[in-house]
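The values are calculated or read from the model by the stated rules, or taken from the named source; none is laboratory data. Model, not experiment: these values are computed from the prediction. Here the Cβ is made from the backbone with ideal geometry for all residues, glycine too, and neighbour counts use every protein chain on show. Note: accessible area is taken over every heavy atom of the protein model, side chains too, but ligands, DNA and RNA are not part of it. Shrake-Rupley method; radii C 1.70, N 1.55, O 1.52, S 1.80 Å.
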Amino acid sequence: MSRLNDLASLDLRSLCEALAADSLASADLVAGEWLGVIELLTMRLADGCGELSEEHWGMCSAAIGHALRVAVSTGVMDRRESVIRRLNLANVLLQQVPPNSEVDMLNPDHLIDLLLREMPISVEEARVLSTDWRTLETSQIRLLRSVKNLVSPALALAGMVSREDLRKRLNPWGEVLPLLP
């Protein structure tokens, strides 16, 4: 099974099994098809997560992780975009199922750690840049927009974070968020 159409015919569990087992290498699909795989998997997870048993969550988390890593390695998306997609998917899933510290995509602490490692600028830099963002160069506006895309879903997860140190590090971002373009 190496074409996107073949993958689209699979149910959620079979799709996750194929991806989690790394049976699909980056050469099996053209780079752009990996975006399709990610979209397909995201949609199937959002629609079917309530039906997944505990044992299938680890496999599904590994599957989305594999697809995102391949998309980054083939240049279809950058690492920051993959983190944004993880955070947004987690928000959708965690509205339907409880957090689970054993499954990366259901572990708010892990996801906030990931966000904070990926943040391209400090909260102070974001605050300064955002004061008059309309006068900035396009690349700086895009940087601030990517920060907003990272912070928005993370703040939605903040209430689920068990570690107080992570919550404290997110609080200043909540103040800066309305200032970002």
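The table below gives the values:
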item	result
Matching residues, the range 117-137, being closer than 16 Å to Ser152 by Cβ and aliphatic (A, V, I, L, M)	Met119, Ile121, Val123, Ala126
Only one of Asp28, Asp6 that is farther than 20 Å from Val161 by Cβ, open to solvent by less than 60 Å² (accessible area, probe 1.4 Å) and of a type in the set (Asp, Glu)	Asp28
Odd one out for Arg142 among (1) more than 13 Å from the chain's Cα centre (by Cα); (2) touching a residue at least 12 places away in the same chain (Cβ under 8 Å)	(2)
Extreme residue, surrounded by the fewest Cβ atoms within 10 Å (Cβ to Cβ), among residues of the range 119-157 that are at pLDDT 95 or above and of a type in the set (Asp, Glu)	Glu137
Matching option when the condition is part of a helix (DSSP H, G or I), closer than 21 Å to Ser14 by Cβ and open to solvent by less than 40 Å² (accessible area, probe 1.4 Å), among Leu111, Leu116, Leu93	Leu93
Filtered residues of the range 33-55 (kept if open to solvent by 30 Å² or more (accessible area, probe 1.4 Å) and in a helix (DSSP H, G or I))	Leu35, Glu39, Thr42, Met43, Arg44, Asp47, Gly50, Glu51, Glu54, Glu55
Single unsatisfied condition, Val76 versus (1) assigned to a helix (DSSP H, G or I); (2) farther than 24 Å from Leu155 by Cβ; (3) open to solvent by less than 70 Å² (accessible area, probe 1.4 Å)	(1)
